[in-house]
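Take a look at the structure set out below.
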Amino acid sequence: MKTCLWVLLFALPLAAQHGRYESESTNPAIGDPVAIAAGSELYLRSCAGCHGPDGSGGRGPNLVQRPMWHPLSDEAIFTTVRNGLPGADMPPTNLSDDETWQLVAFIHALIGPAAENPTAGDVTAGEAVFWGSTAGCSNCHAIHGKGGKIGPDLTNIGGLRPLAVIKKAIVKPSDELYYLGNESVTAKLRNGETVRGIAKNRDIYSIQIIDRAGKLHLLAMNDIAELEILQRSPMPGDYAERLTAQELENLLAFLAHQTLRPAGPEAK
């Protein structure tokens with residue numbers, strides 16, 4: 001298996017794919033590139049030490065993943081930044097209203113779907129990386145029906161996941177076990193046949209395995225003599241070395257643009 005973008009992409013609750021915010025603010029800072037850039041500087045100066053430069057967490061919670069299962073609003077972020085969290089290590093700030101909204105605008109961009117926010121990198125060059133042999137993404141993943149079937153479909157990945165989550169799934173695929181339900185398995189059957197692939201559904205009675213050719217096998221557990229489940233991501237873990245920094249940036253730009261969401265006034 002050459003490439004499978006499994007981790008963090010599809011195992012989170014379906015309810016988290018939409019309604020990320022309880023309500024989205026109409027404050028003009030939200031979505032404004034100038035405000036986002038200013039908020040980025042404030043974040044790196046005041047927040048990155050606890051929450052990580054990319055929001056992946058540290059002393060403080062992971063800002064990118066938590067909103068995917070815990071809806072929030074921009075106003076709630078504003079209040080938390082301004083007042084802190086009593087009893088926690090989150091102190092209040094003395095930022096002005098404008099500065100606070102700039103910080104909220106950056107956090108909004110950080111945790112929002114990649115397709116809704118500007119990204120660095122060349123989309124066309126990233127497309128070549130995706131379909132090329134060095135990365136080999138298309139061996140396992142499909143976009144608009146083209147590509148491999150063994151891995152999750154990435155047609156709407158930019159509309160579902162923040163950029164930081166997509167990047168982590170590529171460079172640290174086994175960092176956390178969010179791929180459960182898409183395990184790599186080898187099933188040795190009692191008739192001597194061996195089936196290798198990805199377990200899409202599994203219970204005490206049966207298992208469904210998609211093999212590398214994209215064929216679905218429905219197997220009864222009674223017919224399986226030995227079942228080996230890989231306790232790490234089946235995706236190679238060397239993409240940080242296999243791809244140059246520019247190739248990775250371009251690939252992320254291409255994936256960020258994969259969305260089924262209709263373009264709104266802001267996107268246009």
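What follows draws every value from the coordinates through simple rules; no lab data is involved. Not measured: the values here are computed from a predicted model. Using ideal geometry, Cβ is built from the backbone for each residue, glycine included, and neighbour counts are taken over all protein chains shown.
A few comments on the model shown:
- Legend: Rg and Dmax of segment 21-111, from Cα coordinates, 11.9, 34 Å.
- Spin-label pair His217/Glu41, simplified geometry with 7 Å Cα→Cβ offset, distance in nm: 5.9 nm
- Stretch gain in nm, segment Ala128-Lys188, where the contour uses 0.36 nm per residue and the Cα spacing is subtracted: 17.9 nm
- The charge dipole of segment 21-111, taken about its Cα centre with unit charges on the Cβ atoms of Lys, Arg (+1), Asp and Glu (-1) only, comes to about 360 debye.
- Note on Lys167: aspartates and glutamates with a C-alpha under 18 Å away, same-chain residues under 8 apart excluded, are Asp54, Glu116, Asp122, Glu127, Asp153, Asp175, Glu176, Asp238, Glu241, Glu247, Glu249.
- Partner aspartates and glutamates whose Cα lies under 12 Å from the Cα of Lys188, excluding those fewer than 8 positions away in the same chain, are identified as Asp223, Glu226, Glu228.
- Efficiency of FRET between Glu75 and Leu260 - r from beta-carbon atoms, R0 22 angstrom, step 0.05: 0.20
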